[in-house]
Amino acid sequence: MLMFWKETFNSFSSRIILCLAIILVAGFQYMFWFGEGGYYDHQKLMQQIQQQTEVNQELKERNRILGAEVYDLKNGAEAIEEHARLDLGLIKPNETFVQMSTITTQYQSTYVDPNKQQDVGTNEDEDSPDMH
């Protein structure tokens, strides 16, 4: 096999042709992997397309929800009433507005009875051992 290669490329012109072929193949490989529109550019574009597809799906879902809300506002009195009650705080005539507090169970009242008398002359801090 080695003899075949020696006999084939023993002339100067055949060696030049071999070198040119190697340079061409290397150049084409470089362009395929790293050139404009090559493999790595293609991979980057595919990743960007995937990301944009996900963003588009989220926006489509948001638009669908907004479209349903617009439809309800145009065609239904209940949606308008709900919007007015929740967002604007409106009530109907002859209704009583009741607002519920969300106080936790650990809440302690800070009510001070105004009728309760306190001794002005005694001071609790005087009895504490830290003050002496």
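Only the coordinates and a few stated rules stand behind these numbers; no lab work does. Nothing here was measured: the structure is a model prediction, and the numbers come from that model. Using ideal geometry, Cβ is built from the backbone for each residue, glycine included, and neighbour counts are taken over all protein chains shown.
How much net charge surrounds Gly76 when only other residues with a Cβ under 13 Å from its Cβ are counted (Lys, Arg +1; Asp, Glu -1)?
-4
How large is ³J(HN,Hα) for each residue in the stretch 49-63, as worked out from phi by the Karplus curve 6.51 cos²θ - 1.76 cosθ + 1.60 (θ = phi - 60°), to whole Hz, x for Gly and Pro?
5, 4, 5, 5, 4, 5, 4, 4, 5, 4, 5, 5, 5, 4, 5
Work out the FRET efficiency for Asp113 and Ala84 from their Cβ-Cβ distance, taking R0 = 35 Å, and round it to the nearest 0.05.
0.25
Which of Gly67, Asn94, Ala77 sits farthest toward the positive end of the charge dipole of the stretch 56-102, with +1 on the Cβ of Lys and Arg and -1 on the Cβ of Asp and Glu?
Gly67
Output wanted: per-residue J couplings in Hz (rounded whole) for the stretch 12-21, from phi through Karplus 6.51 cos²θ - 1.76 cosθ + 1.60, θ = phi - 60°, x for Gly and Pro.
Rounded to whole hertz, the list is 5, 5, 5, 5, 5, 4, 4, 5, 5, 5.
Report ³J(HN,Hα) in whole Hz for each residue of the stretch 32-40, in order, from the Karplus equation J = 6.51 cos²θ - 1.76 cosθ + 1.60 where θ = phi - 60°; Gly and Pro get x.
5, 7, 10, x, 5, x, x, 4, 5
Might you report the magnitude of the Cβ-based charge dipole of the stretch 1-79 about its Cα centre, with Lys and Arg at +1 and Asp and Glu at -1, to the nearest 20 debye?
Dipole about the Cα centre, nearest 20: 480 debye.
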